[in-house]
Structure formats: C-alpha cells, structure tokens
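Only one structure is covered here, and it is reproduced in the block below.
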Amino acid sequence: MKVKQVQAVSIPYPFEAYGHIIAPLSEADGGGYMITFPDLPGCMSDGDTLDEVLANGRDAFNSWIAAQVDMGRPVPEPTKYNEEGKPVKFVQRLPRSLHTSLQARAKAEGVSMNTLVLTLLAEGLGRHEAGAGAKTLKKAA
C-alpha cells in the first residue's frame, strides 16, 4: 500500500471555530474519550485523557482539512449558532426542590450555578450519546 504525503495547508477557519463533541468511551471500546466534529464528516479522534483527546482532535482536524484541500474538496464553514457565534441563552423552569439542590451543590463545589448546570448537561449528554452509540453498534452486530 502506498501512502500519499499531503502538504500542510493554510486553514480557512481555526480549530476553535468548529463545534466538537467529546464523549467517554466504554471500557469495551478501550476507555478514554472520543472527539467528533459535526461540521466535518468523518473527522474524529480519541485519547486516554481530556487533554490528550483535545490534542489528538486538533491533529485530526488539521489532517482532515489538509486532505480536503488536497482532494480539491471545499472545507465546510463552521456552524454558527447565532449571528455572532456567541453562546445562546437557555431558560428553563425548575421545581423549587431541584433549584435548591442545584444551589447547594454549586455552593459545595465552589462554582456558579450556571457552571454547574452546564457541566451536568454536558456530562449527561455525553453519557447519553455514548449509550446511544453502543446501542447502535449492538443492533448492527
């Protein structure tokens, strides 16, 4: 098998402009984490730690962009979730008991309630998506 050398290219959009999803991998899949880029089909990597998966993700991103350019394919623009690409506001009503629990946990952890809720949502979504992926693999087998 012959391996083609792809030249480094000028990247039209920075790594940080693209959304990415980091999800934990099951022990059956080797553990660690997986990173994917919804705007860049097939661009993914993994790593044992969060730092490693981000570093490997950056390398996969650079390689994916270089391969697209080498093949003469367009590089998709990063999705912007509002005009400025800034975080969007999300409002949700909660039962008082849940609000009280969140306040107590945020105080105990020394973080704002916004930070705590964002972290819990991201962790829950990652677990959910990892579980959905495992179910898809089981159906395919």
Shape call, the range 1-52: gyration tensor on alpha carbons, a/c limit 1.5: oblate
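Sequence gap at least 6, Cα distance under 8 Å: using those rules, report the relative contact order of the chain to the nearest whole percent.
It rounds to 20 percent for the chain.
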Computed over the range 1-71: relative contact order in percent, which uses C-alpha pairs under 8 Å that are six or more apart: 28 percent
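When only DSSP loop residues count, what trypsin sites (Lys or Arg not before Pro) in the range 39-118 have their Cβ near at most 11 other Cβ atoms within 10 Å?
Numbers: sites: 58, 80, 89, 93, 96, 105, 107; in loops: 80, 89, 93.
Sparse-neighbourhood loop trypsin sites (Lys or Arg not before Pro): 80, 89, 93.
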Cα-based equivalent ellipsoid, the chain: semi-axes from gyration tensor eigenvalues, Å: 34, 21, 14
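FYI, it's all coordinate maths here, none of it is from the lab. A quick note: this is a predicted structure, and the numbers were derived from the prediction, not measured. Don't worry about glycine lacking a Cβ; one is built from the backbone with ideal geometry, like all the others, and counts go over all protein chains shown.
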